[in-house]
Structure formats: structure tokens, C-alpha cells
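Working notes, structure below.
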Amino acid sequence: MKKVLLLVALTLSVLAMQAQEVSSRAKAMRMMTYAKPEYMIKDIKVLADTMIVYSLADYVIYPIGKWENVEQYITNTQLQWYRESGYKNFFDSMSVSVNTLRHLDGSYLDMYRSITTGRVEMIAGRITDPEVVLENGLHAGMSKDDVFKVFFKRFPKSYVADVAVLKVISGAGEVGQIYTFRGKKLRHIGIISKYKYY
């Protein structure tokens, strides 16, 4: 009898997991219909409390804008950045000249000037200061709904209620931003990159 009950419980848990997966995929497909065309969103995945948006837009690669050098960005933002320059090791033991801009609250941006593109490329970053605004207007402290309104024309609020992390990733999965929410507010923005820098 115990074996039968155990088998029934196991079967029900497997079915519940499959139903949840279908539900997550259904949410993702419905969110795709609300995506703004300028972000060229090609896929969405919902995994537990994380929504991953795959975008082909330039914004994902250049979240702070397209700059020819770091000084242009510093002058344009008119924020008090503390600049550190040095070399960092990356993939394949490659050493790259990196500029790190730091802010008093602990926000930072790691970037370098690519000899391939002739532009400032992002390596990493963490933004907690509301004064640091990304190219599309996003900044720490915004409401969760306002963040989603940047990427979607509209959306069912119940679909994003449980989302604690929104990842906006490039089509190849090499670069992106991670928006982390606490409650209904954007707590911080992370910038990630898996490029092989040259």
C-alpha cells in the first residue's frame, strides 16, 4: 500500500512540474506578443522567479550608449566618477587595458576601447545609484512595472508579479543586463559580458 501511495505521489509531482513548465512557456509566448519592435526580442524564457529576454537590439550591447572613448561618456553623464586604469586578465590568459569607473555608492563600470569596433565596450558593471541612467532610461529605484514597460507595450501584471530577476541578453548570449528587483522596485542593474576581448 505504501508503495502505491508513493508511486501516486511521485506521478502527481511529475505531472505538476510538467504543468508548471507548460504554464511558464505559455507566459513566455504571451509576453512575446507584447514585445516592443525596437528591441527585436526573439525569445523569452520564464524559469521560476527569473525572466530571460533574448534581444537582437544594439541597446543590449551598448547599454550606456555608443562612445568612442571613456572621456566622452564621463563628460556626457556629468557624474562624479573615480577612474581606475589597468590591465585585467580574461579568456585564454589575454591581458586587456580596462578602465573602471567607480561611484561613491559602490556602482562601477568596467569597460575598454575595442580595436575592432573603435567603440567603448562593456565588460562588467553593477549600478545601484539612481543617477546612473542607461541609454533607454532605466535606472535603479524604478518601479518593476516601469522597467517592463520599457521592453513591452503592455503585459499582464500577474505574469511579472513573481519575477525577481529580469535578464536581457544578446542573441548570441554573450552580453546582457541583469535587472534585480526587491519587492516592486529595481534594486540594481548588473552588466555581464562573455566576449573574448581584443
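The values are calculated or read from the model by the stated rules, or taken from the named source; none is laboratory data. Predicted, not measured: the structure shown is a model, and the values here were computed from it. Positions of Cβ are generated from backbone atoms using ideal geometry, with glycine treated the same way; all protein chains shown enter the neighbour counts. Accessible surface areas use protein heavy atoms only, side chains included; no ligands, DNA or RNA. Shrake-Rupley method; radii C 1.70, N 1.55, O 1.52, S 1.80 Å.
Using R₀ = 22 Å, calculate the FRET efficiency as 1/(1 + (r/R₀)^6) where r is the Cβ-Cβ separation of ARG182 and ASP145; round to 0.05. Here the calculated transfer efficiency is 0.90. Report the accessible area of ASP43, computed with a 1.4 Å probe over the heavy atoms of all protein chains in place, in Å² rounded to the nearest 10. About 40 Å², ignoring ligands and nucleic acids.
Calculated FRET efficiency, ASP105 to ASP58, Cβ-Cβ distance, R0 = 41 Å: about 0.90 to the nearest 0.05. In this structure, the pairs whose alpha-carbon distance is over 27 Å, taken from LYS45/LYS88; LYS66/LYS157; LYS42/LYS194; LYS36/LYS88; LYS42/LYS88, are LYS45/LYS88; LYS66/LYS157; LYS36/LYS88; LYS42/LYS88.
Using the alpha-carbon positions of the range 44-136, Rg (one decimal) and Dmax (whole number) come out as 14.6, 41 Å.
Rounded to the nearest whole Hz, the Karplus-based 3J(HN,Hα) values (6.51 cos²θ - 1.76 cosθ + 1.60, θ = phi - 60°) of the range 62-72 follow the sequence 10, x, 9, x, 9, 10, 7, 8, 5, 4, 4, with x at glycine and proline.
Taking 20 Å as the straight-line reach from the Cα of LYS27, the aspartates and glutamates in range (excluding those fewer than 8 positions away in the same chain) are ASP43, ASP49, ASP145, ASP146, ASP162. Here the label points at LYS88 and LYS157, each 7 Å from Cα along the C-beta direction, are separated by 3.9 nm in the simple model.
Would you kindly state how much longer the chain becomes between GLU174 and THR50 on full extension, computed as 0.36 nm times their sequence separation minus their alpha carbon distance, in nm to one decimal? Value of the extension gain: 42.8 nm. For THR117 and THR77, what is the calculated FRET efficiency with R₀ set at 25 Å and r taken between the beta-carbons, to the nearest 0.05? In this case the efficiency is close to 0.75. For the range 154-198, the Cα-based Rg and Dmax, in that order, read 13.1, 43 Å. With only Cα atoms counted, the range 100-198 has Rg and Dmax values of 14.5, 45 Å.
Note on surface exposure: MET31, MET40 rank MET40, MET31 by accessible area, highest first, 1.4 Å probe. For PHE181, neighbours were defined as the other residues whose beta-carbon sits under 13 Å from its Cβ, and their charges (Lys and Arg +1, Asp and Glu -1) total +2.
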